[in-house]
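What follows is a short report on a single structure.
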Amino acid sequence: MRHDESVPPTPRRPVLLAAAAALMCLGLAGCGGGDGTAQARPGPSATGAITPSAAPAPPSPSRSPSPSPSRTSASPSASPAKPPPAPSGPLSGRTVVIDPGHNPRNHLHTAEINRQVDIGTGHKECDTTGTATNGGYAEAEFTLDVSHRLRTLLRAQGATVILTYDGDREFGPCVDERARIGNKAHADAVVSIHADGSAVGNRGFHVILPASVRGGGADTSKIVAASRDLGTRIAGLFVRSTGSSPSNYVGGNTGLDVRKDLGGLNLSTVPKVFIECGNMRDPEDAAQLTSAGWRQKAAQGIADGISSYLEG
């Protein structure tokens, strides 16, 4: 969601859907896809084009609540529970960290989430509340639901899957802790799940990649290339699974955006990307985001992208 770390983007005129993301994906043998987003700017150069399949008519919005979070811990430093052993499969021996953006109860803890934390190149709020659809379906509910679906898909392939939180804390985690969880797990890939909160008419998804950043406690030099590979595969396979188009307002219609102001990326020492799955404030995108069937397709696209990256 575009919140504490940006200003609203200027809508862009749609251009040719250039994306290394889908070209890489479609060219692969056997290929089938928080902190927030910032002001729009040209996306990275691309050598191919995303050609999304025809999207089905959006379903009627319906509020689909996520599982009720438990209140077992209010500690901002609580560690994620150790995941159960995964079955054997093509991703056996691989560890994936899923980071559900925000927390449904952040709004009850404004003092805690407004606390400034070090993101390596400066300071930002610990976390934010996220956005919501006009009907009241919260981004934090959406991200946790998609994360649960994604976890199931990846575990079925043998991956060890860790969530940065799972309804087990009153607020947060803070963005710096989210990064540390992936680092401590020595994750092979980390994906932070989000949905945007932009203007009506701004539609589509985009994947946020880490920029080359070095300063304070941040040094992304070792993860930039791998994160781009992960992100482009997710973008291409997200298109194929959901029928969604790349964002028409961020990333120059590539479906990719490079950022240097997000603590979750700056502080990561393992390959990591964010995905903004759509714009909750646009009625057409909101109709998809509130559909359980579409959320399953979104999880599948992200899982396919992660699998493609991990299997090379």
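The values are calculated or read from the model by the stated rules, or taken from the named source; none is laboratory data. Keep in mind that this is a model prediction, so the values were computed, not measured. Counting neighbours? That spans all protein chains shown, and the Cβs are built from the backbone with ideal geometry, glycine included. Accessible surface is based on the protein model in full, side chains and every heavy atom, while ligands, DNA and RNA are left aside. Shrake-Rupley method; radii C 1.70, N 1.55, O 1.52, S 1.80 Å.
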accessible surface per residue for region 241-300, probe 1.4 Å, DNA/RNA/ligands not counted, whole Å² -> 21 Å²
Sorted on mean Cβ neighbours within 10 Å (highest first), peptides 208-216, 193-201 come out as 193-201, 208-216
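With the cut-off at 20 Å, tell me which of the pairs Lys184/Lys222; Lys222/Lys272; Lys184/Lys260; Lys124/Lys222 have Cα atoms farther apart than that.
Exceeds cut-off: Lys184/Lys260; Lys124/Lys222.
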